[in-house]
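Report on one structure; see the data block that follows.
The values are calculated or read from the model by the stated rules, or taken from the named source; none is laboratory data. Everything quoted here is computed from the prediction, not taken from an experiment. With ideal geometry, Cβ positions are generated from the backbone for all residues, glycine too; neighbour counts draw on all protein chains shown.
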């Protein structure tokens, strides 16, 4: 019972077929020869069935056995091998990251599949996705020889890949890393020496080789992030004919003992302990000023990974929500407050339980809406043939990427706490799934740059892109939509609340601009709250769009009345109960309280 996988693909079908322009994506030159909107249901149904029957049964071993480090090697739970192989061989895995791969799915479909896999077993999903992402970086920046030698087996899932950034002494401060790369007689090959930690999938026995992308500083290059380069470092050396050679002086020091995601190995790796670790430079060496290309190359994967991280939190939290709903319908306890002498009822009839469930439902749907809007933009950026569409997608994705990563990973944790509360005391036991999901979900607010880093990216960078025009255009899109619907016959109240939130947010921009000039310490003090209310505003905007679609379906007499009614109530609840937090938080930020800055350290 502890790994009870419960999931539905109904919201994905709605998003792709009824809300987002799924036909537009599937009609792009890249996909139109082999995909059609009529294929969506079959793909989503098959992948959900696969996740339930193949992936979900591995979840218990992922938590109870976990990844095991012994004699310098890592082994994953036995059941992972069969599931991993099945996913890759049947086209549900890394092959979908190949922008030129035969039969690859667009992101709006591929990520729905990925959501089910994560929900079924969040410990196995990093292994499934890593090799495709790393291979995409090599394909984008590598030479023809590098692409030919490394990427085919990575897209097939025969070889795995990792991104090696973090170091024991550096954490999120990438510019302070000490891993070095020393030139050899071959201008493309360097000797790499250093230690990396928190490397997801850094070692395991699922694949015959692991291709590490290691961020390192060429000896003599510029200090800070600008002097970094990226190197292909195979665990086993790859010969020119593609065969595997000797070990490449990459050793696993150990793996982390984590509160969750125990089946996913998080390794400490040492490169070049014996001075024989060879790394192949990706792209060009540092220029005459010592500036390398590593950070720019890395961010091709990092930005996508930030969407994926928020998405992972959604998947784990959705399983918790679905289990909470099921439990609330079955658990008989208490009598109605309006009929205290009546019969005992399922707890879903109690007011506070209904509040907790609708908080989860509405928030999770807002998260999924912004996440799939992000993947929709990714598809347009990668495959779109209209320059205007591509430009809008690029600019919009810049703004919403930190929202998706930070808001969704923060809310994933909070929504699971609500699910635990629905279960009551049983939610605090490991016999029920929500305890494990709480342990699994917490890492996502830390992965791919902590959520504070995301908030400073929003306030410190995204607000000012193109002299502020990128963010201004994004805000104007929402403002125009709200204004055009302010007298809507069904949702007038909701549009009024959204309008007030927009006005408050516009005031916030001026307040924070003043803080930048007068007391810059107030900016990081309030930045995480600014990101949260930015996402709440955006979530309300997206949910009311969905509610308008649902209302039209109900007017047409659609038979799926409960689903569409649910979309409407999600939007109403989110806008009337959560979006008002925007104006309330703006008032707090305007107050400019500095207590957290003024308190002496000794007083903590």
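Within 18 Å of residue 48 (Cβ to Cβ), within 14 Å of the chain's Cα centre (by Cα) and outside any helix (DSSP H, G or I) - does that describe any residue in region 119-134? Working first, answer last.
Filtering region 119-134 down to residues within 18 Å of residue 48 (Cβ to Cβ) leaves 119-122, 124-125, 128-129.
Retained after the next criterion (residues that are within 14 Å of the chain's Cα centre (by Cα)): 119, 122, 125, 129.
From what's left, outside any helix (DSSP H, G or I): 122.
Looking through region 119-134, at least one residue is within 18 Å of residue 48 (Cβ to Cβ), within 14 Å of the chain's Cα centre (by Cα) and outside any helix (DSSP H, G or I).
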Suppose we filter 115, 53 for residues that are under 21 Å from residue 318 (Cα atoms), free of Cβ contacts under 8 Å to residues at least 40 places away in the same chain and not assigned by TED's automatic domain parsing to the domain that holds residue 208; which single one remains? 53
Let me confirm something: among 84, 14, 31, which residue is outside any helix (DSSP H, G or I) and touching a residue at least 40 places away in the same chain (Cβ under 8 Å)? 31
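So that you can scan it fast, the table gives a plain yes or no per residue for (1) outside any helix (DSSP H, G or I); (2) more than 27 Å from residue 369 (Cβ to Cβ); (3) touching a helix residue (DSSP H, G or I) at 6+ places or on another chain (Cβ under 6 Å):
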{"site": "502", "(1), (2), (3)": "no, no, yes"}
{"site": "531", "(1), (2), (3)": "no, no, yes"}
{"site": "543", "(1), (2), (3)": "no, no, yes"}
{"site": "549", "(1), (2), (3)": "no, no, yes"}
{"site": "571", "(1), (2), (3)": "no, no, yes"}
{"site": "584", "(1), (2), (3)": "no, no, no"}
{"site": "602", "(1), (2), (3)": "no, yes, no"}
Unmet criterion (only one of (1) surrounded by 18 or more Cβ atoms within 10 Å (Cβ to Cβ); (2) modelled with pLDDT under 95) for residue 206: (2)
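Are any of the residues in region 416-430 assigned to a helix (DSSP H, G or I), closer than 21 Å to residue 478 by Cβ and not assigned by TED's automatic domain parsing to the domain that holds residue 540? So that I can check it myself, show each step before the final result.
If we filter region 416-430 for residues that are assigned to a helix (DSSP H, G or I), which is where we start, we get 416-428.
Remaining after also requiring closer than 21 Å to residue 478 by Cβ: none.
No: zero hits.
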Give 557, 514 a once-over and let me know the one that is free of Cβ contacts under 8 Å to residues at least 60 places away in the same chain, surrounded by fewer than 18 Cβ atoms within 10 Å (Cβ to Cβ) and either on the phi > 0 side of the Ramachandran plot or touching a strand residue (DSSP E or B) at 6+ places or on another chain (Cβ under 6 Å) (or both). 557
Flagged in region 216-235 as in contact with a strand residue (DSSP E or B) (Cβ under 8 Å, 6 or more places away or on another chain) and not in a loop (DSSP other than H, G, I, E, B), in numbering order, are 216, 217, 218, 227, 228, 229, 230, 231, 232, 233, 234
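For (1) assigned to a strand (DSSP E or B); (2) exposed (fewer than 14 other Cβ atoms within 10 Å of the Cβ), each residue gets a yes or a no:
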site: 198; (1), (2): yes, no
site: 202; (1), (2): no, no
site: 214; (1), (2): yes, no
site: 237; (1), (2): yes, no
site: 242; (1), (2): no, yes
site: 253; (1), (2): yes, no
site: 258; (1), (2): no, no
Given (1) free of Cβ contacts under 8 Å to residues at least 60 places away in the same chain; (2) in contact with a strand residue (DSSP E or B) (Cβ under 9 Å, 6 or more places away or on another chain), where does residue 243 come up short, assuming only one miss? (2)
